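See below for the structure under consideration.
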Amino acid sequence: MRIGISLTSSHNTTDPREVARWMIERTAAARQSGLDSLFLGDHHAMSAPYYQNTPMLGRLLAEWGDAPAGCLFLLPLWNPVLVAEQIGTLAAIAQGRFIMQCGLGYGEEQFAAMGTTMKTRPSAFEQSLDIVRRLLAGETVSASGRFSVTRASVAPRPAEPVEVWIGAGAAPAIDRAARLGDGWLGSPGLTLEQARAQAALYRERCAAHGRAPGVIALRRDIYVGESAADAAAVLSKVITRGYRGMAAEALVAGSIDEVVERFAAFARLGYSEIVVRHLTNEQPRVLGSLARLEKVRAALATA
């Protein structure tokens, strides 16, 4: 099992430069621990400070090395030509393979702010993904529909094919991931049993479309503690605050051995990659957890 990281991009802060420095330090720590991939998320028109993915990743790649890296793009909110241009430039900066995570997006206010509507998300997503892939393959593209594009082309283009992971939770969206994606990304709020059922559905839909399953990845919000007691204290604090509306069962906090055990349970379900985000935003604790993830990763590699 591989372990990647999706850095927290939303921060309440009075000093935006301090938080940018935190993200840079976390990336360097993730590389030091040998993590297998680096990602940033995607939201728009947020009330709290949100560090946008493409400029931030461009900076973070200087700390990262040659392991895969990428961004989430909520495709219905983006012009597909712009997405392809951003990927082409980021892939030229990256030393390793670029992975595009993508999804439908949610939140009427976010869609309204970006001049579109949630009602057309599925068709906009599929058309955008088709356009982006064709542009990155070197085609000159004209298209009409949710997006109107006339004789568009992009350069630079990635030196190697971009892998596409589609984030999905509802059954039709998992079917879309099986039909169109190179991998599927499960949501951070899934319990173990939900993760079992959704991974099985993804494999079933891949078979129905005559495709071999790709990457089966799962987002988890975690904290690897100095001890079980340290991890329990962090977990208790976030649960008391109602952490992102997630069930406590979906959160992973424990000692190194306890986190290995939790991750191994997902490996037995067929998950090939866990992409972590930290439960706490306290910089010393995040950096300590990242250092301990090196031992988690090593234990899983030999399990």
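Considering segment 68-93 alone, what residues qualify as being assigned to a helix (DSSP H, G or I), crowded, with 22+ Cβ neighbours inside 10 Å and not hydrophobic (A, V, I, L, M, F, W, C)?
Hits for segment 68-93 are PRO76, PRO80.
Does GLY107 count as surrounded by fewer than 19 Cβ atoms within 10 Å (Cβ to Cβ) and within 24 Å of the chain's Cα centre (by Cα)? Explain how you work it out, then say what you get.
Details: surrounded by fewer than 19 Cβ atoms within 10 Å (Cβ to Cβ): yes; within 24 Å of the chain's Cα centre (by Cα): yes.
Here the answer is yes, as GLY107 does meet what is asked.
Which one of ALA207, ALA159, ALA173 is of a type in the set (A, V, I, L, M) and more than 23 Å from ARG134 (Cβ to Cβ)? Steps first, answer last, please.
Working: ALA159 fails: more than 23 Å from ARG134 (Cβ to Cβ); ALA173 fails: more than 23 Å from ARG134 (Cβ to Cβ).
Matching residue, one of ALA207, ALA159, ALA173: ALA207.
Just a yes or no: is a residue in segment 114-137 among the charged types (D, E, K, R) and touching a residue at least 60 places away in the same chain (Cβ under 8 Å)? Don't jump to the end; show me each part of the working.
Filtering segment 114-137 down to residues among the charged types (D, E, K, R) leaves 119, 121, 126, 130, 133-134.
Checking which are touching a residue at least 60 places away in the same chain (Cβ under 8 Å) leaves us with none.
The answer is no; no qualifying residue exists.
So, of the residues in segment 230-246 that are among the small types (Gly, Ala, Ser) and under 23 Å from the mean Cα position of the chain (by Cα), which turns out to be surrounded by the most Cβ atoms within 10 Å (Cβ to Cβ)? It would help to see each step written out before you state the result.
Step one: filter segment 230-246 for residues among the small types (Gly, Ala, Ser), giving 231-233, 236, 242, 245.
Still in the list and also under 23 Å from the mean Cα position of the chain (by Cα): 242, 245.
On the way: GLY242: 8, GLY245: 6.
Selected residue: GLY242.
Which pairs have Cβ atoms under 6 Å, sit 6 or more apart or on different chains, and link a residue in segment 190-207 that is free of Cβ contacts under 8 Å to residues at least 40 places away in the same chain to one that is part of a helix (DSSP H, G or I)?
LEU201/ILE174; TYR202/ILE174; TYR202/ALA178; ARG205/ASP175; ARG205/ALA178; CYS206/ALA178
Here's a check for you: in segment 1-49, which residue that is under 18 Å from the mean Cα position of the chain (by Cα) and of a type in the set (Val, Ile, Thr) is surrounded by the fewest Cβ atoms within 10 Å (Cβ to Cβ)?
It comes out as ILE24.
Conditions (1) without any contact (Cβ under 8 Å) to a residue 40 or more places away in the chain; (2) more than 30 Å from THR140 (Cα to Cα), marked per residue:
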position: ILE3; (1), (2): no, yes
position: ARG26; (1), (2): no, yes
position: PHE39; (1), (2): no, no
position: ALA48; (1), (2): yes, yes
position: CYS71; (1), (2): yes, no
position: LEU77; (1), (2): yes, no
position: PRO80; (1), (2): no, no
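Conditions tested, residue by residue: (1) modelled with pLDDT under 95; (2) closer than 23 Å to LEU38 by Cα; (3) not in a helix (DSSP H, G or I).
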residue	(1), (2), (3)
ALA229	no, no, no
LYS237	yes, no, no
GLU249	yes, no, no
ALA253	no, yes, yes
TYR271	no, yes, yes
ARG277	no, yes, yes
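Does segment 185-208 hold any residues that are within 18 Å of ILE3 (Cα to Cα) and either in a loop (DSSP other than H, G, I, E, B) or of a type in the set (S, T, N, Q) (or both), and which are they? Can you show your working first?
So in segment 185-208, the residues within 18 Å of ILE3 (Cα to Cα) come out as 185-190, 192, 195, 199.
Within segment 185-208, SER187, PRO188, GLY189, LEU190 meet the criteria.
Identify all residues within segment 30-58 that are part of a helix (DSSP H, G or I), polar (S, T, N, Q) and under 30 Å from GLU108 (Cβ atoms); write none if there are none.
Going through segment 30-58, the residues part of a helix (DSSP H, G or I) turn out to be 30-32, 53-58.
Remaining after also requiring polar (S, T, N, Q): 32, 53-54.
Once the filter is applied, which keeps residues that are part of a helix (DSSP H, G or I), polar (S, T, N, Q) and under 30 Å from GLU108 (Cβ atoms), segment 30-58 yields ASN53, THR54.
Restricting attention to segment 263-273, does a residue exist that is more than 18 Å from the chain's Cα centre (by Cα), of a type in the set (Gly, Ala, Ser) and buried (at least 22 other Cβ atoms within 10 Å of the Cβ)?
no
Quick grid of which residues meet (1) small (Gly, Ala, Ser); (2) out of contact with any helix residue (DSSP H, G or I) (no Cβ under 8 Å at 6 or more places or on another chain):
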| residue | (1), (2) |
| --- | --- |
| GLY270 | yes, no |
| GLU273 | no, yes |
| ARG277 | no, yes |
| VAL286 | no, no |
| SER289 | yes, yes |
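Among the residues of segment 135-153, is any surrounded by fewer than 19 Cβ atoms within 10 Å (Cβ to Cβ), under 22 Å from the mean Cα position of the chain (by Cα) and at pLDDT 95 or above?
no
So for segment 28-42 (the condition being out of contact with any Leu (no Cβ under 6 Å at 6 or more places or on another chain) and over 16 Å from ASP66 (Cα atoms)), does at least one residue qualify? Before you say what the answer is, go through the steps one by one.
Of the residues in segment 28-42, the ones out of contact with any Leu (no Cβ under 6 Å at 6 or more places or on another chain) are 28, 31-32, 34-39.
From what is left, the residues that are over 16 Å from ASP66 (Cα atoms) are none.
Taking every residue of segment 28-42 in turn, none turns out to be out of contact with any Leu (no Cβ under 6 Å at 6 or more places or on another chain) and over 16 Å from ASP66 (Cα atoms).
Is there a residue in segment 214-224 that is more than 29 Å from THR117 (Cβ to Cβ) and more than 24 Å from the chain's Cα centre (by Cα)?
No: zero hits.
The values are calculated or read from the model by the stated rules, or taken from the named source; none is laboratory data. Predicted, not measured: the structure shown is a model, and the values here were computed from it. Don't worry about glycine lacking a Cβ; one is built from the backbone with ideal geometry, like all the others, and counts go over all protein chains shown.
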